Structures are given as C-alpha cells and as structure tokens.
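The values are calculated or read from the model by the stated rules, or taken from the named source; none is laboratory data. What you are looking at is a predicted structure, and each value in this text was computed from that prediction instead of being measured. Counting neighbours? That spans all protein chains shown, and the Cβs are built from the backbone with ideal geometry, glycine included. Surface accessibility is based on the protein's heavy atoms, side chains included, excluding ligands, DNA and RNA. Shrake-Rupley method; radii C 1.70, N 1.55, O 1.52, S 1.80 Å.
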Amino acid sequence: MTLAAYACDPALSRGRRYPEDPVPIRTDFQRDRDRIVHSSAFRRLVYKTQVFLNHEGDLFRTRLTHSLEVAQLARSIARALQLNEDLVEAIALAHDLGHTPFGHAGQDALNDCMQDYGGFEHNLQSLRVVDHLERRYPQFDGLNLTFETREGILKHCARTNAQMLEAQEPGGVARRFLDGTRPSLEAQLCNLADEIAYNAHDVDDGVRSGLITLEQLQEVALFDDIRQQVLKDHPHLVDVNQQRRLLYATIRRMLSEQVYDVIAATQSTLADTRPQNADAVRQLGPMLRFSPAMRERELPLKRFLLQNLYRHPQVMETMQQAQQVVRELFAAYMADPAAMPTPFGGSAPVVADETSLARSVADYIAGMTDRFAAREHERLSGKRLLM
Ligand code: MG
C-alpha cells in the first residue's frame with residue numbers, strides 16, 4: 001500500500017492511551033481493526049436495526065451489513081486517493097458500535113430518558129464502547145485503540161460532551177470540537193462513505209419492503225436519470241419481471257457515480273491545498289467531499305427517503321413501540337438496578353449516585369440487540385411488543 005503524504009501513517013500514529021509494543025506482521029491500524037472485529041459489540045451489530053427491525057425480514061440491512069458496506073466503499077475510495085485502507089476499515093467497522101437497539105428511534109428514546117443525566121449520543125457511545133465498555137484485556141478496559149481510529153469514531157460531539165472528554169484527555173480526540181479543526185482524511189472519508197452507503201441500501205431495502213416503489217423513485221432525479229441510462233443500455237429490463245434487476249443495476253451505477261465524484265472532487269481540493277502531511281489536513285477545511293453538483297443531486301434523494309421511508313406510517317408505528325420498550329426498560333432498571341447483570345450495577349453493593357446509575361443503565365440498554373431488548377422488556381413488564 002503506497003500512502004500519500006497526507007494519509008495517516010501508522011508509524012507516525014499519536015499512539016494508544018496505554019502504550020503497547022509493536023507486533024510483527026500487522027501495523028497498529030490493522031491491530032485496531034482486528035480488535036474491533038473480535039469485540040462483543042461488533043457481533044451484536046448483526047441483531048441491531050438499521051431501518052427495519054431484525055425480525056421483519058432476513059434480507060434487510062442490519063447495522064453489521066451496513067458497517068461492512070461502509071467499509072467496502074471507504075476502502076475503494078481510500079485506495080484511489082492513497083489513503084490508509086486499514087485505518088478507514090477500522091473506523092468504518094466501529095462507527096456504529098454505540099448504536100442502541102431499534103435504530104434512531106432507540107437512540108432518541110434513550111436520549112430523552114437521559115436528559116437529566118447528560119443525554120445519550122450514539123457517536124460518543126461508540127467511543128465509550130471502545131474506550132471503556134469492552135472488557136477483554138488484562139491490563140485495561142476497552143480496546144486501547146490508536147488516537148487516529150478513536151478520532152474517526154467520534155464523528156460528532158456536542159460541546160458539553162467535548163469539554164468533558166477534553167478534561168479527561170487534554171488535547172485528545174475531543175479537542176477538534178472545541179478548536180474547530182478537522183479530523184484525518186480517513187475519518188472524513190468514513191463519514192461520507194456512511195452517507196453513500198445508507199442512501200443506496202435504504203432505496204434497496206425500501207423497495208424490498210414494499211413501502212416505496214420504483215415508480216415513486218422516478219421523482220428523484222439522481223435515481224431516475226441513472227435508471228433511464230440503464231434502460232437505454234439494457235432495454236430488456238423494461239420487462240415487469242426484470243424490475244429487481246433494474247433496481248440493482250441502477251443502485252450499482254448510482255454508487256459508482258458517487259464514488260467517482262468523491263474521488264475527483266477530493267483530488268481537485270488536494271491539488272489546490274497540497275497538505276504536506278496528515279496533521280496539515282487537520283488545519284484545513286473539509287476536503288473529502290462531493291462536487292457541488294453531486295451534493296445538489298443527492299439531497300433530493302435524502303429528502304425522499306426521509307419523507308417516504310423513514311417517516312412511513314408503518315415504520316413510525318414500529319418505532320413508537322420501540323421507543324416504549326426503551327423507555328420502560330430504562331424506568332425498570334432505574335427502579336431496580338439488581339435486574340441488570342454485574343458490571344452494570346446488578347450485584348454492585350452501592351450505586352454511587354443517580355447520575356452514574358443512569359449512565360450504567362444507558363450503557364446496558366445501548367448494548368442490547370433488538371431481540372434481547374424486546375425479550376427483556378417482556379420479562380420485566382409482562383407486555384409483548386414488537387416480536
Ligand atoms: Mg452508519
């Protein structure tokens with residue numbers, strides 16, 4: 001792998017919180033990726049909702065398959081831009097580790113429950129998972145990942161949370177939210193790859209679910225222009241029995257166009273700004289980006305998915321039930337911490353104070369898979385929702 005000057009070089013890493021000796025064969029970023037793949041939080045992603053609940057169908061994306069698609073897109077773009085593929089893979093595979101069960105509905109409900117205790121934010125939770133909640137190494141809590149992987153995982157951070165992190169780790173991964181600098185290009189790339197991935201796979205899953213149709217998608221210019229090009233190249237796909245193939249071909253070409261666009265737009269910014277190393281990137285404006293034309297074409301697709309899929313009455317109804325599950329679980333554990341297992345307060349002799357109890361409850365709930373949360377809710381409340 002030939003790295004550009006502006007890429008993150010593992011030999012120049014800002015290192016781990018607990019220093020470790022290098023190992024043969026693998027770089028520090030490869031080790032980060034491997035630690036993530038072997039974590040419990042990573043395995044749970046397979047039973048966590050992306051848009052559709054896990055039991056609604058076997059072919060819908062889950063957080064795991066979403067993360068794999070983000071990693072695939074990010075690696076392709078990284079290779080073309082000579083960025084560090086191992087680092088983007090580590091960030092992409094870890095970027096959703098802190099997601100609650102039931103997707104954004106779960107996160108919103110948990111954030112509401114945590115209002116008096118500092119709130120709940122899934123990016124910060126992803127960092128918490130890799131810094132504290134994975135307990136598998138003898139010498140430290142967490143996975144002890146490098147600064148560069150942790151920097152990429154903390155995609156957004158509210159100012160108050162950034163101040164809290166900065167107090168614990170001066171000059172660390174939260175500093176950029178206070179001084180307005182940027183993360184590495186690898187981190188910027190993973191954000192964009194996330195967006196490209198979900199726009200495409202939510203179209204696929206949306207059509208598969210029957211909640212949106214190919215006809216409706218014709219109102220989205222980005223999608224429809226490409227659909228028409230595909231039909232021109234393969235006229236037989238007009239057949240009503242070929243609609244699935246037409247959809248896949250359109251999505252595939254839409255992905256390619258976005259990937260090529262990002263590569264070209266970023267190369268032109270890099271040619272203008274010529275950052276000499278990875279740290280110079282952090283002082284410059286955002287560089288990993290769509291061209292203005294693609295950004296403009298992509299926004300209506302996002303709006304379409306919001307209006308027609310994420311806010312579809314059927315999705316909303318399921319999500320309301322999901323929120324009820326999260327709220328009632330939270331209340332149940334706050335009232336009876338012994339209902340949780342040991343590390344979360346189960347057999348802890350004294351829970352220090354209400355705020356730290358609430359944080360333990362949030363950590364426990366956030367780590368649950370959809371089906372575990374639904375079953376646990378049924379066990380504690382006697383009500384059967386969602387399953
Ligand atoms: Mg994501």
Q: Among the residues of the stretch 193-242, count how many are more than 16 Å from the ligand (Cβ to nearest atom) and under 27 Å from R289 (Cβ atoms).
A: 14
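Of the residues R244, R311, which is among the basic types (K, R), over 30 Å from D108 (Cβ atoms) and without any contact (Cβ under 8 Å) to a residue 24 or more places away in the chain?
Numbers: R311 fails: over 30 Å from D108 (Cβ atoms).
Being among the basic types (K, R), over 30 Å from D108 (Cβ atoms) and without any contact (Cβ under 8 Å) to a residue 24 or more places away in the chain holds for just one of R244, R311, which is R244.
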Q.
Suppose the filter is without any contact (Cβ under 8 Å) to a residue 40 or more places away in the chain and more than 27 Å from the chain's Cα centre (by Cα); does T250 pass it?
A. no
Q: Please enumerate the residues belonging to the stretch 35-59 that are touching a Ser or Thr at 6+ places or on another chain (Cβ under 7 Å) and hydrophobic (A, V, I, L, M, F, W, C).
A: L45, V46, F52, L53
Q: Only residues that are open to solvent by less than 20 Å² (accessible area, probe 1.4 Å) and more than 19 Å from A187 (Cα to Cα): list them for the stretch 25-41, please.
A: S39, A41
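Just a yes or no: is a residue in the stretch 340-351 of a type outside the set (A, V, I, L, M), in a loop (DSSP other than H, G, I, E, B) and closer than 26 Å to I196 by Cβ? So that I can check it myself, show each step before the final result.
Residues of the stretch 340-351 of a type outside the set (A, V, I, L, M): 341-347, 349.
Now restrict to residues that are in a loop (DSSP other than H, G, I, E, B): 341, 345-347, 349.
Okay, now just the ones that are also closer than 26 Å to I196 by Cβ, so none.
No: the stretch 340-351 contains no residue that is of a type outside the set (A, V, I, L, M), in a loop (DSSP other than H, G, I, E, B) and closer than 26 Å to I196 by Cβ.
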Q | Among the candidates A332, A358, A265, A366, residue that is within 26 Å of the chain's Cα centre (by Cα) and farther than 27 Å from Y198 by Cα | A | A358
Q. Just a yes or no: is a residue in the stretch 16-24 surrounded by fewer than 24 Cβ atoms within 10 Å (Cβ to Cβ), assigned to a helix (DSSP H, G or I) and either within 15 Å of the ligand (Cβ to nearest atom) or modelled with pLDDT of 95 or more (or both)?
A. no
Q) If you scan the stretch 117-153, which residues turn out to be surrounded by 23 or more Cβ atoms within 10 Å (Cβ to Cβ), assigned to a loop (DSSP other than H, G, I, E, B) and out of contact with any Asp or Glu (no Cβ under 8 Å at 6 or more places or on another chain)? A) F120
(Q) If I ask for residues that are assigned to a loop (DSSP other than H, G, I, E, B) and away from the ligand (no atom under 16 Å from the Cβ), which ones from the stretch 25-55 would you list? (A) I25, R26, T27, H38, S39, L53
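Can you name every one of the helices (runs of 4 or more DSSP H) wholly within the stretch 155-217 that holds 2 or more residues which are open to solvent by less than 10 Å² (accessible area, probe 1.4 Å)?
On the way: elements: 159-168, 175-179, 185-209, 214-217.
Qualifying helices (runs of 4 or more DSSP H): 185-209.
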Q. Are any residues in the stretch 359-387 closer than 14 Å to Q321 by Cβ and either outside any helix (DSSP H, G or I) or open to solvent by less than 60 Å² (accessible area, probe 1.4 Å) (or both), and if so, which ones?
A. D370, A373, A374, H377, S381, K383, R384, L385, L386, M387
